[in-house]
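Below: one structure, written as structure tokens.
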Amino acid sequence: MALIDSILDDFFWRALIGGLGVALVAGPLGCFVVWRRMAYFGDTLAHSALLGIALGFLFQLPLNLAIAGTCVALAIVLVILARSRTLATDTLLGILAHSALAIGLVTLSFMPEVRLDLSGYLFGDLLAMSRDDLLWIYGGAAIILTLLYRLWRGLLMTTIHEELARVEGFPVERLRLALMLMFSLVIAVAMKIVGVLLITALLIIPAATARRLANTPERMVLLAVVIGMLAVSGGLSLSWLSDSPAGPSVVVAAFTMFLLVYGVVRRPQA
Amino acid sequence: MLMTECLVTLKNATVRFDGPPVIDGINLTLNRGDIVTIIGPNGAGKTTLIKSILSIQKLSGGEIWLKPGARIGYVPQHLILQPTLPLSVRRFLMLTGEPEARCREALAQTGVSHLFDASIHHLSGGEKQRVLIARALARNPDLLVLDEPAQGVDINGQAALYDLIRTLRDQLQCGVIMISHDLHLVMAATDQVICLNQHICCSGRPEDISADPAFIETFGQQVAESLAVYHHHHNHQHTLHGDVVAGDGDACQHEDCHSHGTH
């Protein structure tokens, strides 16, 4: 226990452990973002996280909870609006993403008593990871991984062909809702690492890199996790050695691996 | 002889979204062992009709009855797969939850067992359709629903595909309902044709329907005549004056010849 305690006392190790925990769930969910072409959707949810922070301060809620709740609410609004088809989905996403971000910033400006490091929320504040944050990350990861494991076949089937899945008796609507909830949760926990503006990168880049190396969906998930963990370790080391900002360094490390893999492996495996 | 077993009944089925109904007052019965083909112009509501049968599309009016516990195998119109998802044929088939041996067997039934370990992204149009049909078969369906199964398949492949569907019906004794645009090809592989244009314009045996005025109105005189020639080739011959005479004994080896008496 003493050893664990002393490790957790060190901010660098806390950052690393937290980052690895986020990579653990960003891998599989990032694969779904890539498979289902939801990159812009993920970005929109991430932008709304700042609104969540503002609401959290306003109503004095735990911030992680406020972020996850706002993401879920926005996700549901998006699904309903997209169904009515008054606007193209990408237009709708663009409107909601930036409006949520702007409303969040305006709301925060009305609360002068809240002293807030905005750039920490926008680009991540990995090195300020607390023990509570670690609890959040690993608690969230446990929920997400359990859900993924139990719903795996249905999630995969609805991703391949929604109507085929429906005919075969999978609860398509409920699976979609579960996926939204998982996205919201991962955004709430990943925000600390890379911030609102870079979360999508942490989801997509490892998954896209893994695609070149994988020949089954499961292997792609596993590889995305490994690549995400390497990116976190590499980025943190870079940040430690050259005093660069931690969140962007993680994304730079992920992007470097992406370039390497796509440079070396010319064709996808399957 | 098997008793006729009803799999699906539609009574006055109607679907409307905002404007006029997409399908209107459809009555239809599908028995085990039947092949029913839905034809009709674009926008006739063909896909909506089979989606109602699949319970994907809710009816706005009328009733649908499905045999309780009937298993449905669905072959969708075109499977657009995201190339970002690595997927082998094996994995795709086994996502049905059926054991591997059953999946292999289904793939052999559609004549593409060599594709078991292939990537699903490298299949030709015809191969993809056969894999999709195999996937539907793996689930031991009582009813097979196909939405334009020959789309994206070359012309030789199309005839072979309809042959396959008929053979599978004979082997499995399942009911088959499909949508088709390939009027010529499908006529030989179907028991009943339903000509749909929101409502059912006409329906009946393929050899009768091409003479139906409603059919001619929907598809035009030319199509109807070309189909009529196609069938009558099997059933009877024309004299030099165009009069119809009974076909000779050879013609009766054709499968659709048992309709001869009623023609």
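Observations on the structure shown:
- Of the residues in the stretch B:11-21, not one is under 18 Å from B:Asp142 (Cβ atoms) and open to solvent by 30 Å² or more (accessible area, probe 1.4 Å).
- Meets criteria (free of Cβ contacts under 8 Å to residues at least 12 places away in the same chain and either within 14 Å of chain B (Cβ to nearest Cβ) or open to solvent by 40 Å² or more (accessible area, probe 1.4 Å) (or both)) for A:Ile160: yes
- Listed here are the helices (runs of 4 or more DSSP H) enclosed by the stretch A:1-71 that have at least 2 residues being crowded, with 17+ Cβ neighbours inside 10 Å and in contact (Cβ under 8 Å) with a residue 12 or more places away in the chain: A:11-35, A:39-59.
- Residue match in the stretch B:98-111 (condition: of a type in the set (Gly, Ala, Ser), touching a residue at least 12 places away in the same chain (Cβ under 8 Å), surrounded by fewer than 20 Cβ atoms within 10 Å (Cβ to Cβ) and assigned to a loop (DSSP other than H, G, I, E, B)): yes
- Strands (runs of 3 or more DSSP E) completely within the stretch B:147-263 that count 2 or more residues being open to solvent by 40 Å² or more (accessible area, probe 1.4 Å) and modelled with pLDDT under 80: B:236-238, B:244-246
- Under the condition of being over 14 Å from B:Thr9 (Cα atoms) and within 14 Å of another protein chain (Cβ to nearest Cβ), the residues counted in the stretch B:38-50 number 2.
- Residues in the stretch A:91-121 that are in a helix (DSSP H, G or I) and at pLDDT below 85: A:Leu118, A:Ser119, A:Gly120, A:Tyr121.
- Looking only at residues of the stretch A:253-269 that are farther than 17 Å from A:Gly30 by Cα and touching a helix residue (DSSP H, G or I) at 6+ places or on another chain (Cβ under 7 Å), we find that the one that is modelled with the lowest pLDDT is A:Pro268.
- Residue that is nearest to B:Gln158 (Cα to Cα) [pool: residues in the stretch B:94-123 that are among the small types (Gly, Ala, Ser) and away from chain A (no Cβ under 14 Å)]: B:Gly111
- Filter pass, B:Ala13 being within 14 Å of another protein chain (Cβ to nearest Cβ) and either over 30 Å from B:Ala214 (Cβ atoms) or hydrophobic (A, V, I, L, M, F, W, C) (or both): no
- Selected residue (criterion: surrounded by the most Cβ atoms within 10 Å (Cβ to Cβ)) from residues of the stretch B:112-123 that are part of a helix (DSSP H, G or I) and not small (Gly, Ala, Ser): B:Ile120
- Within the stretch A:22-37, tally of residues that are aromatic (Phe, Trp, Tyr) and within 14 Å of A:Leu185 (Cα to Cα): 0
- Scanning the stretch A:92-115 for any residue that is under 30 Å from A:Ile7 (Cα atoms) and of a type in the set (Ser, Thr, Tyr) turns up nothing.
- A:Gly154 free of Cβ contacts under 8 Å to residues at least 40 places away in the same chain, small (Gly, Ala, Ser), within 12 Å of chain B (Cβ to nearest Cβ) and in contact with a Leu (Cβ under 7 Å, 6 or more places away or on another chain): yes
- As a summary of the residue check, A:Val172 satisfies the conditions (1) open to solvent by less than 30 Å² (accessible area, probe 1.4 Å); (2) within 21 Å of A:Val72 (Cβ to Cβ); (3) under 19 Å from the mean Cα position of the chain (by Cα) except for the one numbered (3).
- Single residue of the stretch B:64-88 satisfying the filter (in contact with a Ser or Thr (Cβ under 8 Å, 6 or more places away or on another chain) and more than 10 Å from chain A (Cβ to nearest Cβ)) that is surrounded by the fewest Cβ atoms within 10 Å (Cβ to Cβ): B:Trp65
- Subset of the stretch A:78-90 [surrounded by 14 or more Cβ atoms within 10 Å (Cβ to Cβ) and at pLDDT 80 or above]: A:Leu78, A:Leu81
- Within the set A:Leu223, A:Leu236, A:Leu241, A:Leu230, the sole residue that is modelled with pLDDT of 95 or more and more than 14 Å from every other protein chain (Cβ to nearest Cβ) turns out to be A:Leu230.
Table: residues versus (1) over 19 Å from B:Leu196 (Cβ atoms); (2) of a type outside the set (S, T, N, Q).
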position	(1), (2)
B:Gly33	yes, yes
B:Ala44	no, yes
B:Thr47	no, no
B:Ser52	no, no
B:Trp65	yes, yes
B:Arg71	yes, yes
B:Pro76	no, yes
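- Screening the stretch A:213-248 for residues that are of a type in the set (A, V, I, L, M, F, W, C) and out of contact with any helix residue (DSSP H, G or I) (no Cβ under 7 Å at 6 or more places or on another chain) and picking the one that is least open to solvent (accessible area, probe 1.4 Å) gives A:Val226.
- Single residue of the stretch B:124-141 satisfying the filter (more than 13 Å from every other protein chain (Cβ to nearest Cβ) and surrounded by fewer than 23 Cβ atoms within 10 Å (Cβ to Cβ)) that is farthest from B:Arg71 (Cα to Cα): B:Ser124
Residues checked against (1) closer than 16 Å to A:Gly228 by Cβ; (2) among the charged types (D, E, K, R); (3) open to solvent by 60 Å² or more (accessible area, probe 1.4 Å); (4) within 16 Å of the chain's Cα centre (by Cα):
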| residue | (1), (2), (3), (4) |
| --- | --- |
| A:Leu155 | no, no, no, no |
| A:Ala178 | no, no, no, yes |
| A:Phe183 | yes, no, no, yes |
| A:Val189 | yes, no, no, yes |
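- A single member of A:Leu155, A:Leu164 is in contact with a strand residue (DSSP E or B) (Cβ under 7 Å, 6 or more places away or on another chain) and within 30 Å of B:Tyr74 (Cβ to Cβ), and it is A:Leu164.
The values are calculated or read from the model by the stated rules, or taken from the named source; none is laboratory data. This one's a predicted model, so the numbers in the text were calculated from it and none came from an experiment. In this analysis, Cβ positions are derived from the backbone assuming ideal geometry, glycine residues included, and neighbour counts consider all displayed protein chains. Calculation scope for accessible area: heavy atoms of the full protein, side chains included, ligands and nucleic acids excluded. Shrake-Rupley method; radii C 1.70, N 1.55, O 1.52, S 1.80 Å.
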